[in-house]
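The values are calculated or read from the model by the stated rules, or taken from the named source; none is laboratory data. Just so we're clear, the structure is a prediction, and the values are computed from it rather than from any experiment. With ideal geometry, Cβ positions are generated from the backbone for all residues, glycine too; neighbour counts draw on all protein chains shown. SASA here: full protein model, heavy atoms, side chains in, ligands and nucleic acids out. Shrake-Rupley method; radii C 1.70, N 1.55, O 1.52, S 1.80 Å.
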Amino acid sequence: MITVKQSFYDTFECIAGDCPGTCCQGWEIEIDEDTLQKYKDYEGPCKELLETGVDYNTRLFKLLGNERCFMLRDDGLCKLVKEHGEPILCDTCHMFPRHCEEYEGIREWSVTLSCPEVARIIINGGPAEYIVEEDDLPDPLEDEFEDFDVLLFTKLEDSREVIYKIVQDKSINIFDRMDMILKFSLDLQGALDDDETFKMDDLIEEWSDYKNKISSGDYLRTFEYVNKHFNAMTDVEQLKADWIEVVESMQKLIDGGENYFDDKLKEFNDKMDSLPPVHDDIFENILMSYLYTFYLGAVYDDMIFAKVAMSVYFTIMIDRLTFANKFIGREEDFNIKDYEDIAYRFTRELEHSDNNLNQIEDYWDDCYPHY
C-alpha cells in the first residue's frame, strides 16, 4: 500500500472554540452504524445527551436553532468530547476536515480548504509538499478495484507530476501557469476521448519541456472570464443563507461593468501586493490543493479537462469573491484573514454537496474544449 499525505496532515490540529466557522453548524452530521450502536449501548456520563441529541431513525445528530448541532456548546466545544473525550466521536466528526481519495493500492489523504484553519495554513503556507509512505501490506479493498483502469491511472499520475511542476514554477506568472495546465489537459482529454491512451505518454514527455509552451493567460484575469462563468456557481444549491450575500455582492460588481471591475481590481491587486504572503503564491497554494484532491479522480469518469478547469475556476473565483466582498468598501481595513474567510466558505458551499460539486464539474465538461 502507498499512502500520500499533505505535509501538514499529521500536524494539523483543530482550533475548536477559537474556530471562526465551526464545522458543527450548518449541515447534518451523519453517524456511522458502528458508532450509532455504541451510542445505543452507552452507559456513562453522556447517556442523557445521547438519548436526547441523537435521532436514531435518521442516524443524525439533532439540530437546534441556527442549524447548530445539539452537541455544540456556546463556547464552540463539543459536549460529548468535554464529558467523555474524543473516542466517543462518530467517524464524520473524528475525520473532518480530513479526507481520503481511494485508488487501487493507493490512498491519498488531505485536509479540506472548507476548514478555516486549513484555509489559513494553505493560504499562508510555503510550497505544497507531499509525504509518500509505502509498505508491503495488501490493499484491504483490493476486491473493490476489479475494473480499475491501471493504465489510465499511471498516465494521470505522470501527467499530474508535470502539472505540479508547471503550477509551482514561480518564474512564470500564475495566470500563464493556469493557462498552460488547461492546454495540457485539453491535449490529454483529446487523446483519451479518441481511445488513444498510449498517446498520453508522448504528451507527457512533450509537456515536460513546458518552458517552450508558455502562453498568455490574460483571458483568465479578465472581467470576461468572470462574467462568462460566474453563473456556473450561482446555479447550484445555496447551502448557507449568508452565502447568498456573498454571491449577490459579486453580481453587483459584475453589473457595474468591465471598466469599473478593472479599475477596482487594480486597486485590489495593488493592496494584495503590499501584504504577505505573495499574491501569486496564494493562487498557487490553493490551486495545488484542489488539483491534489480532484485530478486523479478522472480515472473513474474520464473527465481530465473538467477537473483541471474546475480547480482553476475555484482558485480564481475565491480571489474574485474576496475582491468583491471583502475589499470594495473597506480598502484600508482589508487583510489576509478576509481572504481565508472567503476560501473556506466558498469550499464549503461547493464541496459539502456532492450535487454542487458534480454540477460544476459537468459544467466544465460541457465547456470542453473551450474555457
Between a residue in the stretch 155-175 that is closer than 15 Å to Asp209 by Cβ and any residue that is part of a helix (DSSP H, G or I) and of a type in the set (Asp, Glu), which pairs come within a Cβ distance under 8 Å, given they are 6 or more apart or on different chains? Asp158/Asp201
Considering each of Phe323, Phe334, Phe305 in turn, give the residue that is open to solvent by less than 20 Å² (accessible area, probe 1.4 Å), more than 21 Å from His99 (Cβ to Cβ) and not in a helix (DSSP H, G or I). Phe334
From the list Ser274, Ser311, pick out the single residue that is closer than 30 Å to Asp147 by Cβ and free of Cβ contacts under 8 Å to residues at least 40 places away in the same chain. Ser311
In the stretch 3-42, the residues that are surrounded by fewer than 14 Cβ atoms within 10 Å (Cβ to Cβ), in a helix (DSSP H, G or I) and out of contact with any Gly (no Cβ under 7 Å at 6 or more places or on another chain): Asp18, Glu33, Asp34, Gln37, Lys40, Asp41
Tell me which residues, restricted to the stretch 121-177, are assigned to a helix (DSSP H, G or I) and hydroxyl-bearing (Ser, Thr, Tyr). Thr154, Ser159, Tyr164
Note on the stretch 80-112: residues more than 26 Å from the chain's Cα centre (by Cα) and either buried (at least 17 other Cβ atoms within 10 Å of the Cβ) or β-branched (Val, Ile, Thr) (or both) are Leu80, Val81, His84, Ile88
Of all residues in the stretch 45-79 being assigned to a loop (DSSP other than H, G, I, E, B) and open to solvent by less than 20 Å² (accessible area, probe 1.4 Å), which is nearest to His94 (Cα to Cα)? Met71
For the stretch 198-219, enumerate the residues that are at pLDDT below 95 and either among the small types (Gly, Ala, Ser) or open to solvent by less than 30 Å² (accessible area, probe 1.4 Å) (or both). Ser215, Ser216, Gly217
